[in-house]
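Visitor: Once you've had a glance at the structure underneath, I'll fire off some questions.
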Amino acid sequence: MLTSDLVLTRSRGPYIFPCTIDATDQGTIDLAQDLIDLFAEHRGKTRRELTRALDARAGDATDYRVQRGLAKLLEDDRCAFQVVSAAPPEDLRATVFALARENHPVVREPDLIYPVTKDHVLEQVALHYEVPISEVARGLYADLIENHILTTFDAPSPAWLLQRYNVALAQAMLYRCNLMKLTVYRNLPVRYKQLFKFIKFFRLIHAITGDLDSGYEVHLDGPVSMFRLSQKYGIKMAVFLPALLLCTRWKMEAEIAGSDGRKRAFVLDENHGLVSHYKDQTIYDSLLEETFAGRFEKVETAWQLERETEIVNLKDTVFIPDFAFRHPDGRNALLEIVGFWRPEYLRRKLEKVRRARLENLIIAVSEGLNVDEEDFRDVPGHVFFFKNRIDPRDVIERLEKCG
């Protein structure tokens, strides 16, 4: 994401906005393409060489913040830098310094009294590692960040880069977010489920009200309200934003704490044209779920597995089972997998299951958790434990017990 110094904002009354760019402007498209080409030309070169080329490209241009922002996104999202050295740099340095100490002083111009030069030392190290002298000299400080080599560059299109930049500007606005209110409506159920899973994944403190028909209102507490400008939590709010962009109808209202102490409103909705770079509609949340689904499809049974399940509204939050099952005779059931979670997450999960009070819920619990049947004594539904993988036959056995 972008750092705060790369973001320009404008205010209008009680509102604040980032200064986004026109992704259809030809001059801006040309700038993006120039930067992409520059990165591509520097494959195999050091980060220092790339930085110098970017500085030369910027010159005294007035849009240097935009260029630096675009370059940072390319560097963070599309580049891979590696330490390239014939031997671990710390080993090379240790060997060179040891030889230099043994032959002290090492001089530039040898004479009868001081015959050892730097080249003599490097030559001995090169013989030791069986590499050219030039490789020893280059590898001595190859682990310094400016000497890292650009080994991979996945060149995007200019359109991707410019869309990513505008999203990054909006993300940077949320570093100092007090509160955020989301309104999502007229979405397919899968969109709501995906959004709620992202909220849980980023561990954002939330309260959710609404239903599938009228939509949902989500309140998120920001870093300023709880931790007095905690940048760590602010980054979580920022990385969550692209997940919201995957919804079709939505509105975000965020309260931003300004550097002058004033609070301003940052408002976005689907009409702003921001495009998420997150993958849409993740089918499975874990390998455990994917493996179970694949095994279930191979079993002969009248029960049909469905990935998209109902959203159970618990007033201040929602409960979304992992799988749904439907039988031709009209019966239906749900499956919740309680896998490898920390104790606090497990406690909240059990609380949701109890509040949901679903008699047709099957709960598969990992034996790796520090729980037993007694912990599920007052939980409605059918509970069983599994070791490494969930056997579809264990699920079908309990499906038949669901009325």
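The values are calculated or read from the model by the stated rules, or taken from the named source; none is laboratory data. Values in this document were obtained by computation on a predicted structure and should not be read as measured data. A quick note on method: Cβ atoms are made from the backbone with ideal geometry, for glycine too, and the neighbour counts reach across all protein chains shown.
Visitor: Would you pick out the residues in region 127-140 that are small (Gly, Ala, Ser) and surrounded by fewer than 18 Cβ atoms within 10 Å (Cβ to Cβ)?
Guide: The answer is Ser134, Ala137.
Visitor: Among the listed residues Glu75, Glu135, Glu146, identify the single one that is under 30 Å from Ala170 (Cα atoms), outside the structural domain of Asp22 (by TED's automatic domain parsing) and within 42 Å of the chain's Cα centre (by Cα).
Guide: Glu146
Visitor: Then there's this: Within region 127-171, which residues are closer than 18 Å to Glu49 by Cα, not in a helix (DSSP H, G or I) and not β-branched (Val, Ile, Thr)?
Guide: Those that are closer than 18 Å to Glu49 by Cα, not in a helix (DSSP H, G or I) and not β-branched (Val, Ile, Thr): Leu140, Tyr141, Ala142, Asp143, Leu144, His148, Leu150, Phe153.
Visitor: Which residue out of Asp77, Asp63, Asp55 is among the charged types (D, E, K, R) and closer than 20 Å to Asp154 by Cα?
Guide: Asp77
Visitor: Conditions first: (1) on the phi < 0 side of the Ramachandran plot; (2) outside the structural domain of Lys251 (by TED's automatic domain parsing); (3) out of contact with any helix residue (DSSP H, G or I) (no Cβ under 7 Å at 6 or more places or on another chain). Gln163 passes all but one, so which condition is the exception?
Guide: With respect to (1) on the phi < 0 side of the Ramachandran plot; (2) outside the structural domain of Lys251 (by TED's automatic domain parsing); (3) out of contact with any helix residue (DSSP H, G or I) (no Cβ under 7 Å at 6 or more places or on another chain), Gln163 is out only on (2).
Visitor: So for region 214-232 (the condition being of a type in the set (A, V, I, L, M, F, W, C), buried (at least 19 other Cβ atoms within 10 Å of the Cβ), outside any strand (DSSP E or B) and under 16 Å from the mean Cα position of the chain (by Cα)), does at least one residue qualify?
Guide: Looking through region 214-232, none of the residues is of a type in the set (A, V, I, L, M, F, W, C), buried (at least 19 other Cβ atoms within 10 Å of the Cβ), outside any strand (DSSP E or B) and under 16 Å from the mean Cα position of the chain (by Cα).
Visitor: Does Leu73 satisfy being of a type in the set (A, V, I, L, M, F, W, C) and in a helix (DSSP H, G or I)?
Guide: yes
Visitor: Filter region 32-67 down to residues that are acidic (Asp, Glu) and modelled with pLDDT under 95, then give me how many there are.
Guide: Summing the residues that are acidic (Asp, Glu) and modelled with pLDDT under 95 in region 32-67 gives 3.
Visitor: For region 172-194, which positions are of a type outside the set (A, V, I, L, M) and part of a helix (DSSP H, G or I)?
Guide: Selection gives Tyr175, Arg176, Pro189, Arg191, Tyr192, Lys193, Gln194.
Visitor: Sticking with this one: So Ala86 clears everything in (1) among the small types (Gly, Ala, Ser); (2) surrounded by 13 or more Cβ atoms within 10 Å (Cβ to Cβ); (3) closer than 30 Å to Ser276 by Cβ except one condition, right? Which one?
Guide: (3)
Visitor: Now, a different point. Out of all the residues in region 55-75, which are of a type in the set (Asp, Glu) and within 19 Å of Glu41 (Cβ to Cβ)?
Guide: Scanning region 55-75 gives Asp55, Glu75.
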